Each structure stands twice: as structure tokens, then as C-alpha cells.
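For reference, the structure discussed in these notes is given below.
The values are calculated or read from the model by the stated rules, or taken from the named source; none is laboratory data. These numbers were taken from a predicted model, which means no experiment stands behind them. Using ideal geometry, Cβ is built from the backbone for each residue, glycine included, and neighbour counts are taken over all protein chains shown. Ligands, DNA and RNA are excluded from the accessible area calculation, which covers all protein heavy atoms including side chains. Shrake-Rupley method; radii C 1.70, N 1.55, O 1.52, S 1.80 Å.
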Amino acid sequence: MARVREMARVGAWPPGAGVGTGDAGAMAEGTFVRIQVRRTGEGVEAVYKVFGCSAAIASASLVTEWIAEGRTLAAADVVTTLDLPLDRAHVAAMVVNAAESALASLRGRELIADSREPRAESREPT
Amino acid sequence: MPPQEAARATMAGPVYMDYHATTPVDPRVLEAMLPWFTERFGNPANRHYQQGWEAGEAVEKARAEVARLIGAQAREIVFTSGATESNNLAIRGVMLANRERGEHLVTVATEHKAVLDTCGRLEEDGWQVTVVPVAADGRVDPERLAAALTPRTVLVSVMAANNEIGVVPPLAEIGRLCRARGVLLHSDAVQAVGKVPFDVDAMHVDLASVTAHKMYGPKGVGALYVRRQKPRVAMAPIVDGGGQERGLRPGTLNVPGIVGLGAAAALARDEAVAEAPRLAELRGRLWTALQAALEGVRVNGSLDHRLPNNLHVSIDGVDGDALITSLTDVAVSSGSACASGRGEPSHVLSALGHGDARTAASLRFGLGRWTTAEEVDFVAQRVTEEVRRLRAMAAV
Ligand SMILES: Cc1ncc(COP(=O)(O)O)c(C=O)c1O
């Protein structure tokens with residue numbers, strides 16, 4: 001559980017056009033995770049904020065690492081990689097959900113940005 | 001090297017601040033025990049030759065030391081394998097032997113599992129159990145306990161100090177009211193002996209459990225005090241065999257362990273008076289440091305009615321499991337069952353009405369014979385650092 005003590009990707013970016021944000025859980029319920037993603041040239045980088053047990057913290061650390069590596073995310077892989085007890089599987093799933101909504105929100109924002117981009121033809125004088 | 005320093009030097013690993021869980025064996029205790037493994041190996045049940053009667057004498061000397069520590073007579077001490085067995089023997093033994101007097105027993109919500117689960121098992125087998133709640137400060141109200149007594153109540157079991165929150169109940173008052181109602185009082189005194197005054201007559205206690213490994217003795221040996229006069233407690237054994245310990249606890253005696261318990265009891269009696277204020281001061285130092293450094297820290301249970309070596313706190317905005325996992329260089333216990341994955345508060349914190357285990361971490365600090373001011377400062381600093389780090393990690 002060395003990941004519990006790791007701070008490498010802990011952080012937050014101000015929400016904006018190039019940033020996708022995904023939340024899961026609620027602090028009052030004992031687990032909350034926010035994952036944010038943005039493009040870096042060809043790739044994607046991710047940061048996280050997390051409140052919860054060591055399984056939640058370690059999952060957030062691992063999943064943000066996998067995002068940067070371009071790996072597909074699956075809760076089952078998180079559970080096996082971190083060797084989590086089965087009753088913590090839902091925590092890994094929560095973190096993967098947050099990551100997936102962060103990536104979806106990034107793609108959504110990019111689509112909106114694309115559609116707002118003035119088209120070449122529209123610049124032609126009418 | 002003086003024994004204290006020798007003991008310190010052998011304590012490797014994280015800074016140990018979990019003396020309620022167990023204690024290292026005092027080197028003086030170990031020294032007393034060693035001959036009884038090898039050259040003095042006799043069975044005290046064999047009285048007609050030297051090896052046997054030597055062992056018998058050593059056991060009787062230990063019995064006298066344990067008795068002296070709690071203000072009892074030597075013949076009122078029964079050796080056991082520890083406090084779990086002592087609690088079982090006390091509760092089952094008394095209820096079994098007093099069936100005609102009644103089938104009702106009373107205990108308290110914050111007792112150790114060795115008491116609560118024993119009572120629970122008896123309930124399954126047809127006995128009646130009342131579990132009295134505690135107030136928000138962790139103390140049981142004697143009036144409330146008195147109200148639970150019926151003409152069929154045989155036994156009340158109230159611990160002398162709580163193993164999690166260190167809270168000390170008004171035991172003498174409870175003892176007086178039990179005595180007045182003709183009800184026997186058992187006390188799990190594991191955490192109290194050697195730390196706060198515990199005298200079976202002053203407390204009006206009829207049965208008391210102790211264990212060596214919480215007072216710098218070895219693991220796997222303990223004792224049960226059973227009052228023999230005014231009143232004489234009627235007891236039945238819970239295991240059968242060769243009739244040792246007046247038939248109450250048959251089985252060949254653990255001579256080295258018993259010698260260790262006796263030596264630990266003698267040291268506790270000699271040193272407790274000086275140790276308590278030293279520990280209380282160190283505990284105060286820890287509490288002051290944590291309060292100064294961190295917002296949202298509170299003590300669980302009464303700070304005034306508490307073992308001198310205990311501090312139990314809840315810290316807002318941190319998960320208990322995350323905090324314990326982060327404190328790799330400090331050996332303390334978490335007050336919640338997070339580590340087992342459920343994130344539920346312990347039955348003791350629940351009994352205090354704490355419903356915030358999901359958003360607060362609780363930590364139990366247990367100070368002991370070898371705790372130093374430097375260790376206290378280190379632990380306070382490390383807890384502060386990790387709480388700040390985890391809070392920053394969670395802040396959105
Ligand atoms: C209050 C209390 N009672 C009973 C026990 C059990 O003692 P033992 O480990 O000797 O069985 C403990 C220790 O875990 C304790 O703290």
C-alpha cells in the first residue's frame with residue numbers, strides 16, 4: 001500500500017475547455033474521488049483528489065497512472081493489481097467510474113469546442 | 001545497561017504506542033522466568049520430590065504476589081491462560097453454579113468481547129442478559145445499572161478500565177450497590193491493574209480478571225480472583241480434568257508463565273505509583289501537541305476518569321484506515337473496524353453514540369513503561385503530518 005503515501009498525481013486543475021472532470025461517491029458516505037484529465041500532445045494526463053480508505057487512495061493513484069499510459073480501465077484489474085480484499089471491489093469500481101466520466105467529459109468538451117470552431121466556409125463573404 | 005534501557009534497545013520497528021494491546025516482557029520478568037523452563041522443570045502437582053515441590057513453591061509465591069497487587073488472599077487466586085479465559089470462567093462458572101438463585105446477569109455495552117460474547121452465548125443457552133448503555137462520556141451510570149437489577153440477578157460484570165477509550169467507571173459505587181442487593185460483581189481489571197488503584201475490598205469486587213501480557217509479563221497466562229469470604233462465591237469449573245486450582249481450572253500449571261505473572265505483579269505494585277503521574281504527563285503532552293497542531297480533534301470519553309496512559313481521539317476529515325496505513329513508523333490502533341474493510345466504528349465508539357466513523361478517524365494511543373517524551377513528540381508530529389497530507393489529498 002505504498003500508493004497511500006504517494007502524492008505524485010494528487011491535485012486539481014481549474015475546470016476549463018481542455019479539462020475533463022469526473023466525480024464518484026460523497027464525502028459524507030465515506031468515499032469521494034475526483035479525477036481530472038487533459039491532453040498532453042498525443043497523450044492524456046490525470047490528477048486526483050480522494051477521501052476514503054487506503055483502497056480508495058491506492059486505486060486513484062493506480063488509475064491515474066494507467067490513464068497516462070493509455071491503458072484500458074477495468075475495476076477487476078485494479079482489484080487484482082492492488083490485491084484488494086473483495087469487500088473493497090466497489091471502491092475500485094467507484095474510482096474507475098470517476099475516471100471514465102472524466103474521460104467522457106473531456107471528449108464531450110472537445111466535441112463542443114469543435115462544433116463552435118468557425119467553419120472555413122462560414123468565413124467566406126456572403 | 002539498566003533493565004529499562006535494555007528493554008528499550010530491544011524494541012525495534014515503529015515507535016510503539018499501543019500498550020493497551022500488549023506490552024513487552026520486562027527483562028526482570030524474563031529473568032525470573034527462565035530457570036523454570038529448563039533446570040527447574042517440575043510439575044507442581046508432584047509434591048514428593050524436589051523438582052515438583054520447588055515448582056509448587058514458585059507457583060505459590062506468584063499467587064501471593066498477584067493477590068497482594070489487588071488486595072486479595074493468595075487462596076483466592078486461580079491461574080488461567082489469560083483474561084479471555086478468566087472472563088469466561090468468572091461469568092459461566094458463577095451462572096452455572098448459581099442456577100437456583102437466578103438466571104439473570106447484567107453487563108455494560110463497552111465491555112471487552114470476552115465478556116460480551118460470553119454473555120451472548122449464555123443468552124443463547126437460556127440465561128437472561130441485560131446490557132446497560134453508557135453515557136456520552138463512556139461511563140456507566142450506577143443508577144441505571146441498579147435499575148437493571150432484579151431479584152433473579154446473580155452477577156454484574158463491569159470492567160475496571162476500558163481497553164479502547166481508557167475510561168474508568170465508578171466501580172466502587174457499583175460494587176457498593178451490588179453488595180447491598182446481594183448481587184455478585186465481576187470486573188475485567190486487565191487494563192486497570194498496575195495503572196490505577198484496584199483493590200478488591202475497596203471496590204467491593206467478588207471476581208476479577210487479570211492477564212500478564214498487559215503488565216509487562218508473558219502472553220498466555222492470567223488469573224481470576226474469586227472471593228472466598230463475605231461472600232463466598234460459588235463457582236463451577238468450565239473444563240474438567242485433574243483437579244488443579246481447587247478443581248476450578250484443571251490442567252498442569254504453566255509454571256514459567258505463572259512465575260512471570262507473579263514477577264510482573266510485584267513490579268507493578270512497586271512501580272505503578274511512580275509510573276502513573278509520569279504517564280499522565282506524557283499523555284497530556286501528546287494531547288496538547290495534537291490540539292495545538294490540528295483542527296477538528298476531540299477526545300472520546302471522559303478525560304478526567306481515564307487511565308493515565310490512554311488517549312483516544314477522533315480526527316475529522318480523515319479516514320481511519322488511510323491514516324493508520326500512512327503511519328508506518330508509528331504503532332497505534334484505529335478505533336474503527338476500517339482495517340477489516342467495513343468502516344464501522346468499534347462497539348465502544350458506537351456505545352458512545354459516535355456515528356461519524358465515515359468522516360473521522362479515531363486513534364488509540366497507549367503509553368507505557370518505556371514511552372519517552374521524544375517518542376510522544378515524534379508520534380504527535382507524524383500524526384499531524386499525515387492528517388494534513390490526507391486532508392490536502394481530499395480537499396476539492
Ligand atoms: C479489557 C480486556 N479484557 C480481556 C482481554 C483479553 O485478554 P487475553 O489476551 O489475556 O485473553 C483484553 C486484551 O485483549 C482486554 O483488553
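So the values come out like this:
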{"read-out": "Listed residue (A:Trp66, A:Gly18, A:Ala93) projecting farthest to the positive dipole end of chain A, Cβ model", "value": "A:Gly18"}
{"read-out": "Listed residue (B:Val66, B:Gly82, B:Ala109) projecting farthest to the positive dipole end of the stretch B:27-266, Cβ model", "value": "B:Val66"}
{"read-out": "Given charges at Cβ of Lys, Arg, Asp, Glu: chain B dipole, positive-most of B:Ala392, B:Thr211, B:Ser326", "value": "B:Thr211"}
{"read-out": "Gain upon complete extension [B:Lys219, B:Asp316; 0.36 nm per residue less C-alpha separation]", "value": "31.4 nm"}
{"read-out": "In degrees, nearest ten, helix B:171-181 long axis to first principal axis of chain B (Cα)", "value": "40"}
{"read-out": "Partners for B:Lys195 among aspartates and glutamates (Cα-Cα distance below 18 Å; same-chain residues under 8 apart left out)", "value": "B:Asp18, B:Asp26, B:Glu65, B:Glu164, B:Asp270, B:Glu271, B:Glu275, B:Glu281, B:Asp304"}
{"read-out": "Bridge type composition, the protein assembly as shown - antiparallel percent by DSSP, nearest 5", "value": "70"}
{"read-out": "Within a Gaussian network of chain B (alpha carbon springs, distance under 10 Å), most fluctuating of B:Pro308, B:Pro231, B:Pro27", "value": "B:Pro231"}
{"read-out": "FRET efficiency for B:Asp117 and A:Arg116, using Cβ-Cβ distance with R0 set to 51 Å, rounded to 0.05", "value": "0.15"}
{"read-out": "Positive minus negative residues near B:His112 (Lys, Arg vs Asp, Glu; Cβ under 12 Å)", "value": "-2"}
{"read-out": "Spin-label model distance (nm) - B:Arg40 vs B:Arg181, 7 Å beyond Cα toward Cβ", "value": "4.6"}
{"read-out": "Choice from A:Glu69, A:Glu29, A:Glu42 with maximal GNM fluctuation in chain A (Cα, 10 Å cutoff)", "value": "A:Glu42"}
{"read-out": "Area of B:Phe41 that stays accessible when all protein chains are in place (1.4 Å probe, Å², to 10)", "value": "130"}
{"read-out": "Spacing of the two label points (7 Å from each Cα toward its C-beta) at B:Ala97 and B:Ala172, in nm", "value": "2.8"}
{"read-out": "Given charges at beta-carbon only (K, R positive; D, E negative), |dipole| of the protein assembly as shown in Debye", "value": "1020"}
{"read-out": "Low-density loop positions, trypsin sites (Lys or Arg not before Pro), the stretch A:2-105 - DSSP coil, at most 16 other Cβ in 10 Å", "value": "A:Arg71"}
{"read-out": "Cα shape, the stretch B:1-138, gyration tensor, a/c 1.5 rule", "value": "oblate"}
{"read-out": "Contour minus Cα-Cα distance for B:Asp304 and B:Asp199 (0.36 nm per residue)", "value": "35.8 nm"}
